[in-house]
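Report on the structure given below.
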Amino acid sequence: MTSLLIFLQAAANIAIGYMGAAIGAGLATVGAGIGIGRIGQGAMEGIARQPEAIGDIRSTMIIAAALVEGVAFFAVVICLLVVLK
C-alpha cells in the first residue's frame with residue numbers, strides 16, 4: 001500500500017511539471033506576441049509622425065522584435081527541456 005502511494009505521488013509531481021512547462025511555454029509565446037505587436041504599433045505611429053525616418057524606425061523595430069523573439073524562444077526551449085527531462 002505504501003509503495004502504491006509513493007508511486008501515485010511521483011506520478012502527480014510529473015504531471016504537475018508537465019502542466020507547468022506547458023503553461024510556461026504558452027505564456028512565453030503570448031507575451032512575445034504582445035511584445036512584438038506593441039513594437040509594431042509604436043513603429044507605425046512613429047512612421048506616421050515622421051515619414052522621413054522610416055529607415056531608422058524600421059531597422060530599430062526589426063532589432064527589437066528579434067530580441068523579443070529570441071527571449072521567447074529561449075523560454076520555450078527551457079520549458080521543453082523540463083518536459084523532456
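Side notes on the structure shown:
- Given (1) surrounded by 12 or more Cβ atoms within 10 Å (Cβ to Cβ); (2) at pLDDT 95 or above, number of the condition Val82 does not satisfy: (2)
- Against the test of being at pLDDT 85 or above and in a helix (DSSP H, G or I), the options Ala43, Ala21, Ala15 yield a single qualifying residue, Ala43.
- Verdict on Ala28 being open to solvent by less than 40 Å² (accessible area, probe 1.4 Å), of a type in the set (A, V, I, L, M, F, W, C), at pLDDT 90 or above and part of a helix (DSSP H, G or I): yes
- Within the range 42-79, being more than 30 Å from Ala21 (Cα to Cα) and open to solvent by 60 Å² or more (accessible area, probe 1.4 Å) holds for Met44, Glu45, Ala48, Arg49, Gln50, Pro51, Glu52, Ile54, Asp56, Arg58, Thr60.
The values are calculated or read from the model by the stated rules, or taken from the named source; none is laboratory data. Just so you know, these numbers come straight off a predicted model, no measurement behind them. Note that we place each Cβ from the backbone using ideal geometry, even for glycine, and neighbour counts take in every protein chain shown. The accessibility values were calculated without ligands, DNA or RNA, using every heavy atom of the protein model including side chains. Shrake-Rupley method; radii C 1.70, N 1.55, O 1.52, S 1.80 Å.
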